[in-house]
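A short write-up of the structure that comes next.
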Amino acid sequence: MLAYLLIMCVAFYLVSATLIRLVGEYLFSQKADDELAAARAMAAAAESPLAGRDAEALWSLARDGAGQTGRVLVTDLYGTVQADSLSLLNGARLSRRETAAALNGQGETYGCYFVGEGGSSVSARAEADSMVCVYAVPVGGETPAGALVYITTSQTAYRSLMRIQTQMLTWLALVTAAVMLISLFVSRFFTRPIAELNEGIVEMTRGDFSNRVRVRGKNEFAQLAVAFNMMCDRIESLDKARSQFVSNASHELKTPLSTMKILIETLMYQDPMDPGMTREFLTDINKEIDRLNSIIGDLLTLVGIDSGEKPVDMKPLSVADLLNDNMRRLQPLARERGIEMTLSVREQVMVNGSASRLTQVFYNLMDNAIKYTGRGGSVRVELNRREKKAIIRVIDTGIGIPKEDQPHVFDRFYRVDKARSRETGGTGLGLSIVKQIVLMHGGHIEVASEENKGSTFTVELPESPRENA
Amino acid sequence: MKRTAVLALVLCLLLSGCAPLTARLNPIDAQVSLPLPEADTPAPAVGDTIAPGEVDVTLYFPSADAQALVPMRTTLALAEGEPLPRRLVQALLSDPAANGARRAAPEGTAALSVRQFGDIAVADLSIDARGVENDRQLFLMRAAIARTLCGVNGIRTVDVLIAGRAESPFVLPCGAGDADSLSAGYAQALAEDRRVGGESFTVRRTAVLYYPARDGLSLVPQARGVSVGADDLITPLLAALADGTGLDPALRPALPDTDSPFVTGAEIVTLENGRRVARLAFDGNLSAILERARLNAWQLFASITCTLTGFIPALDGIQVYVGAGQLARLESPEGGIALENGVLTRAQFERMTASLETIYMTARDGSLRALGRAMAPEDAASPRMVLALLFGEPEAWEEDVSRVIPDGLSADDILGIRVADGEAVLNLSGAFYARCQRLTPQQERNLIYALVNTLTERPDVNAVRFQFEGETIPSLAHDISLLGPLMRNPGLISRAEPDDEA
């Protein structure tokens with residue numbers, strides 16, 4: 001801010017100084033021309049008296065030429081004052097730049113000077129703190145016999161100039177103050193959102209994701225604040241999810257381990273152990289190991305999906321073929337549970353994807369539908385095509401999902417009915433994996449459910465470009 | 001650090017903005033070099049010399065037909081110390097080389113004396129001048145001398161006498177002439193003369209009045225205008241002598257200002273021996289009256305004698321009666337004067353007439369006061385004699401002045417004065433220089449310009465150079481440069497109010 005202030009001050013100063021100089025030149029140039037002409041005329045008149053050493057005539061000329069406020073001096077060839085309208089400098093050598101120029105053949109010249117507080121013997125009639133102009137004109141033409149020095153006060157012009165200068169300085173001070181205030185305001189306006197943003201980032205780095213930036217107005221800073229807040233929301237959500245995931249994963253991993261520890265300790269410390277019981281215990285341990293294996297497999301799958309790497313086997317696939325394969329695989333299970341399972345392919349659709357991944361999606365959805373549908377229920381799978389998308393619906397008439405649980409069914413390790421889920425061998429990661437695979441294929445999945453009436457999972461996959469063509 | 005630098009920069013800018021727009025005016029610029037008059041240094045002035053020289057003058061001769069004056073430019077060679085007015089009159093009395101002009105006076109006429117008293121010149125021609133053929137030639141002779149002398153050496157008024165008497169071609173006096181004396185012309189003067197019969201008719205003439213100097217030693221002529229009629233020429237002159245208006249403080253009125261008539265009788269009579277005199281009768285208490293007026297009897301009678309004989313045509317002198325007795329002897333500074341037939345003549349006071357020289361002393365206000373000093377014209381011709389007056393103390397009547405010369409110096413400290421080519425080279429002693437070292441700038445200025453102004457009162461000097469022990473020095477004590485010649489400083493001069501004591 002100080003740098004801007006300095007630039008403003010320097011610019012204003014330069015403008016002021018230039019303006020003052022221009023005004024000064026305007027005020028003084030005409031006056032200087034007139035007075036130089038007067039000095040020239042007096043020098044011409046002084047030529048004869050100086051040559052004839054007529055002191056009375058020279059003094060009379062000087063006195064008449066000086067007027068009320070001026071002063072006229074006539075020097076001889078050596079710069080010695082021989083006539084002074086004030087009769088104070090007679091005999092003194094007038095060692096002034098202007099006199100020397102006139103006597104050394106450099107012609108007429110003049111200069112304007114500031115008379116200090118004490119005045120000057122040269123400008124005895126000038127007031128203190130005023131300006132005088134000194135004109136020197138050779139007397140006697142090309143080979144000067146002396147010089148005529150005409151000193152005038154420029155009080156009016158000088159006062160005008162001083163007034164302008166004072167006004168300029170006043171304005172400079174005012175503008176500086178104004179610029180300072182404006183700079184403070186503007187910098188505060190710009191830096192405050194940034195500071196708040198910075199504060200929010202600092203809080204985030206400290207692990208506090210609940211902090212939000214205050215949004216003011218609709219400018220870019222406000223948009224940035226909104227984006228930051230959105231990012232915070234997302235991070236907070238992810239952080240919660242992560243915490244939840246870690247907690248759930250730990251819990252899911254710990255549960256079979258605890259079960260296995262109990263079973264093994266029982267086998268170790270209960271003696272003698274019934275062989276049937278022992279086999280049963282070992283069978284349970286084996287189950288828990290399978291379960292652990294399943295959980296870890298699912299986690300690895302998620303990790304693979306989360307890494308963002310596209311599957312290497314991406315290719316155009318017939319969705320109907322994939323659904324038929326899965327139908328064939330799950331039909332026996334459905335029949336075993338007394339569930340009617342049907343596939344309705346209304347239109348053949350090709351999608352670009354990984355056959356194994358998409359098979360995992362459809363299998364999982366259909367398997368879940370079978371699991372949570374009671375005997376006598378039905379599971380209907382539909383394939384449709386809409387707006388260059390393959391629309392796959394898995395509709396069951398099962399227990400449904402409570403409304404409050406519906407937003408979380410795709411969360412990792414989220415179970416609507418935790419006891420039942422485990423009973424059915426679920427890891428709580430299936431739908432998460434489904435969703436990630438669908439997203440990886442550029443698709444979309446959603447659920448619509450009504451408790452005790454059934455659920456409908458709808459998967460939308462973009463149609464394969466080749467098919468589209 | 002950065003912020004400090006920025007603040008310093010702003011401060012500098014603000015301060016520079018407040019700075020004056022122009023440089024301060026110094027009386028002297030040390031870096032300036034003026035030409036030096038080194039090559040112009042004169043030789044040391046030793047003794048007193050006034051260089052002889054040649055003077056270009058204009059001589060006015062009467063035309064051959066005696067109708068006008070004929071100007072003739074010529075160059076006159078002056079001997080050392082020879083006064084120019086005398087040389088001019090001598091030239092006018094010689095035969096002009098030009099055709100159409102004639103000598104100003106009859107052949108054989110000599111200039112008995114030509115004396116200059118300041119701006120007045122009095123030329124006394126020998127009796128041969130009376131041999132002019134007619135009145136017109138007499139008029140032209142006076143006019144030729146007056147016209148020629150006026151303008152020379154500052155002369156403004158010329159009184160032409162013949163054998164110590166005023167001469168006039170008319171009944172009325174001609175009076176003293178000046179540069180414009182011919183403008184009136186002979187015809188006008190003649191017409192005036194023809195009207196003399198009118199009872200109240202008066203003419204205005206310039207009379208040379210001789211006033212007593214306050215020092216009691218001399219008479220100083222002054223030119224005044226007087227109105228005279230043919231019936232009484234004496235009374236207007238006596239009235240003018242009693243009038244001190246405008247008189248230099250060094251002079252005083254010749255006649256006391258009294259309530260009662262001072263001169264009880266005045267007439268012009270012709271004595272048995274043929275001499276024409278003015279007979280004046282004074283109050284019997286003349287001595288007491290003069291004593292009260294602090295006047296000298298000799299100055300009174302000398303003043304009247306010189307004034308009347310210089311104005312009234314063909315007047316040889318005056319006879320004085322005090323009370324019932326005739327004045328037969330008069331005491332003067334030159335000694336006792338025995339009066340033949342009781343007649344006082346102009347010649348008796350010739351040596352007591354003086355010119356009023358001007359010297360300068362410091363007035364109370366710091367200016368240079370011009371002071372008059374009565375001095376014989378022959379003495380006044382010597383610059384040393386005039387400068388010597390500066391070494392004296394102010395006169396008793398000069399209350400507000402002090403001398404400019406430092407104490408302990410005398411006229412002997414003037415080692416030499418040389419006057420040549422319009423310049424005076426004044427060579428002063430080393431003691432003079434030493435005594436001046438403690439002078440203030442104003443005292444130095446007054447000292448130098450008292451010397452310069454006093455010397456430049458001379459018509460042949462218009463600038464003065466200073467030397468000390470024959471050497472030119474840069475300055476005496478302060479700023480006044482003595483490297484070159486100095487012209488007079490008229491602006492430094494103040495003049496005393498005329499003395500109205502009379």
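FYI, it's all coordinate maths here, none of it is from the lab. Given the structure is predicted, the values throughout are model-derived calculations rather than measurements. Cβ placement follows ideal geometry from the backbone for every residue including glycine, while neighbour counts extend to all protein chains displayed.
Taking amide H atoms as placed 1.01 Å from N in the peptide plane, the amide H of B:A64 lies under 5 Å from those of B:A101, B:R102, each 5 or more residues away in sequence or on another chain. Taking the Cβ of A:R337 as the center, what net charge do the other residues with Cβ under 13 Å away carry, scoring Lys and Arg +1 and Asp and Glu -1? Surrounding charge for A:R337 is -1.
Once Rh for the stretch A:314-468 is found with the Kirkwood sum over Cα pairs, what is the Stokes-Einstein diffusion coefficient at 4 °C and 1.567 mPa s, in µm²/s? For the chosen part, D equals 84 µm²/s. Over chain A, DSSP H runs of length four or greater, each weighted -39,500 (n - 2.57), average out per residue to a 222 nm ellipticity of -19500 deg cm²/dmol. Reported value for the protein assembly as shown: 384 Å³ per residue, from the convex hull of its C-alpha atoms.
Extension gain, A:D34 to A:V215, is 58.2 nm, computed as 0.36 nm per intervening residue step minus the present C-alpha separation. Taking a point 7 Å from the Cα of B:E469 along the Cα-to-Cβ direction, the residues of the stretch B:433-460 with backbone N closer than 17 Å to it are B:433-438. Here the label points at B:A110 and B:D407, each 7 Å from Cα along the C-beta direction, are separated by 5.3 nm in the simple model. Applying a DSSP loop filter and a limit of 16 other Cβ atoms within 10 Å to the GluC sites (Glu not before Pro) in the stretch B:235-334 leaves B:E272, B:E334. Centre-to-centre separation between the Cα atoms of the stretch B:333-383 and those of the stretch A:159-238: 101 Å.
Annotation: the residues A:K435, A:K254, sorted from fewest to most other C-beta atoms within 10 Å of their own C-beta, follow the order A:K254, A:K435.
A cut-off of 5 Å between modelled amide H atoms, ignoring neighbours fewer than 5 places along the same chain, links B:L112 with B:D124, B:L125, B:S126.
Legend: mean number of C-beta atoms from other chains within 10 angstrom of residue C-beta atoms, peptide B:462-475, equals 1. According to the square roots a ≥ b ≥ c of the eigenvalues of the Cα gyration tensor, what is the shape class of the stretch A:220-306, taking rounded for a/c under 1.5, prolate for a/b larger than b/c otherwise, and oblate for the remainder? Prolate. Remark: the stretch A:354-366, residue by residue, has Karplus-estimated 3J(HN,Hα) of 8, 4, 5, 5, 5, 4, 4, 5, 5, 4, 4, 5, 5 Hz, where x stands for each Gly or Pro and the curve is 6.51 cos²θ - 1.76 cosθ + 1.60 at θ = phi - 60°. Sorting the segments B:316-323, A:274-281 by their mean number of nearby beta carbons within 10 angstrom, highest to lowest, gives B:316-323, A:274-281. Simple point charges give the picture: +1 on the Cβ of Lys and Arg, -1 on the Cβ of Asp and Glu, and for the stretch A:314-468 a dipole about the Cα centre of about 260 debye.
Peptide packing for B:231-243, A:354-366, B:70-82, B:114-126 was compared via the average number of neighbouring C-beta atoms within 10 Å per residue; ordered from the highest value, the list is B:114-126, A:354-366, B:231-243, B:70-82. Counting Cβ atoms of other protein chains within 10 Å of each residue's Cβ and taking the mean over peptide A:75-85 gives 6. Taking 7 Å steps out from each Cα toward its Cβ at A:T342 and A:R188 produces label points 7.3 nm apart. Mean per-residue shielding of peptide A:94-104 is 4, counting Cβ atoms of other chains within 10 Å of each Cβ. Karplus-derived 3J(HN,Hα) values for the stretch B:43-55, using 6.51 cos²θ - 1.76 cosθ + 1.60 with θ = phi - 60°, are 5, x, 8, 10, x, 10, 9, 10, 5, x, x, 9, 10 Hz; glycine and proline are entered as x.
Computed from the Cβ-Cβ distance with R0 of 45 Å, the FRET efficiency linking B:A66 to B:E393 stands at 0.25.
Using the average count of surrounding beta-carbon atoms within 10 Å as a protection proxy, the listed peptides B:355-366, A:181-192, B:47-58 rank, highest first, as B:355-366, B:47-58, A:181-192.
For the stretch B:355-495, a simple Cβ point-charge model (Lys and Arg +1, Asp and Glu -1, everything else neutral) yields a dipole of about 280 debye relative to the Cα centre. The slack in the chain from A:I164 to A:L333, taken as 0.36 nm per residue of separation less the alpha-carbon distance, amounts to 50.6 nm. Between A:G374 and A:I399, the built amide H atoms are under 5 Å apart, and every one of these is 5 or more places off in sequence or on another chain.
Binning the C-alpha pair distances of the stretch B:361-449 at 5 Å intervals from 0 yields a P(r) profile of 3, 12, 22, 24, 23, 13, 4, 0 %, listed from the shortest bin outward. Under Stokes-Einstein, with the Kirkwood radius over Cα pairs as Rh, the value for the stretch B:202-352 at 37 °C and 0.692 mPa s is 213 µm²/s.
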